[in-house]
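The values are calculated or read from the model by the stated rules, or taken from the named source; none is laboratory data. Predicted model only: the values in this text are computed from it and were never measured. Note: ideal-geometry Cβ built from the backbone for every residue, glycine included; neighbour counts use all protein chains shown. The protein model used for the area step is the full one, side chains on, heavy atoms only, and it has no ligands, DNA or RNA in it. Shrake-Rupley method; radii C 1.70, N 1.55, O 1.52, S 1.80 Å.
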Amino acid sequence: MRKIVVGAFTSLDGIMQAPGGPHEDPVGGFEYGGWAAPSFDEAMGQAVDEMFAEPFDLLLGRKTYDIFAAHWPYAGADDPIGTLFDRITKYVATRDPDRQFDWQNSRTLGADVVGALKALKSEDGPNLLTQGSTDFLQTLFENDLVDEMYVSFFPVILGSGKRLFGEGTKPMALKLVGSRVSGSGVTVNKYVRAGEVVTGSFEFDQPTEAELERRRKLT
């Protein structure tokens, strides 16, 4: 079976919008496009190489697909990411399921995106790796389709913009299986699913009268 793996760059306050440049995604008047670039050092390059080391197909929302299709096919034969992205299959979630793509090895997920994803996950083959695609990620989280995540937290607060996790995200427990800190202060983390959310308590075994009164006021 194939896994869906999320690859995400995010600010400390959870913003994913336009990490790569000012013209990438200015939707909503977003002013900080390119916020990830100043922190992208050699260690970050190594982390990206590790994320791409295992075989994968790309899983993209339409907006991120358009950004990639306008860039990577033109990167040149000496760019390893460009040649990799050219070669592999790119599955695209779009509200126009009949859309035709010029970039080779690109195909739509069709009208039933969730059904298509479940079918892909049930097959043998490489994992399905997302890049960017913040709006599309909400569909994955709302339908509990994510198996692993590579999340890089950049030392910047952006205040507003498109976020990694939206209101409809299904609760899940995660296990941290890898972490490093780059020289620029980016924390690069790999998480895998770890079952249901487990809760506990720091409360006294016997609540105080003050605590009982506090609870009564809450109701």
Quiz prompt | So L137, is it outside any strand (DSSP E or B) and either surrounded by 14 or more Cβ atoms within 10 Å (Cβ to Cβ) or among the β-branched types (V, I, T) (or both) | solution = yes
Exercise. Mind listing just one residue for me: the one in region 140-168 that is at pLDDT below 95 and more than 11 Å from G14 (Cα to Cα) and, of those, surrounded by the fewest Cβ atoms within 10 Å (Cβ to Cβ)?
Key: E167
Practice problem: Return yes or no: is D78 within 20 Å of the chain's Cα centre (by Cα), acidic (D, E) and farther than 25 Å from D124 by Cβ? | Solution: no
Quiz prompt | Of all residues in region 12-56 being acidic (D, E) and assigned to a helix (DSSP H, G or I), the one that is most open to solvent (accessible area, probe 1.4 Å) | solution = E42
Quiz item: Are any residues in region 104-134 without any contact (Cβ under 8 Å) to a residue 40 or more places away in the chain and outside any loop (DSSP other than H, G, I, E, B), and if so, which ones?
Solution: R107, T108, V113, V114, G115, A116, K118, A119
Exercise. Could you list all residues from region 197-211 that are more than 42 Å from the chain's Cα centre (by Cα) and not polar (S, T, N, Q)?
Key: E209, A210
Quiz prompt | Selection within region 68-77 - open to solvent by 40 Å² or more (accessible area, probe 1.4 Å) and either farther than 24 Å from H23 by Cβ or in contact with a strand residue (DSSP E or B) (Cβ under 9 Å, 6 or more places away or on another chain) (or both) | solution = A77
Self-check item: Selected residue (only one of F40, F9, F52, F56 is more than 23 Å from V146 (Cα to Cα) and out of contact with any Phe, Trp or Tyr (no Cβ under 6 Å at 6 or more places or on another chain))
Solution: F40
Quiz item: Being in a strand (DSSP E or B) and exposed (fewer than 14 other Cβ atoms within 10 Å of the Cβ), is that true of even one residue in region 180-189?
Solution: yes
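How many residues does region 84-102 hold that are surrounded by 14 or more Cβ atoms within 10 Å (Cβ to Cβ) and of a type outside the set (K, R)?
Counting residues in region 84-102 that are surrounded by 14 or more Cβ atoms within 10 Å (Cβ to Cβ) and of a type outside the set (K, R) gives 10.
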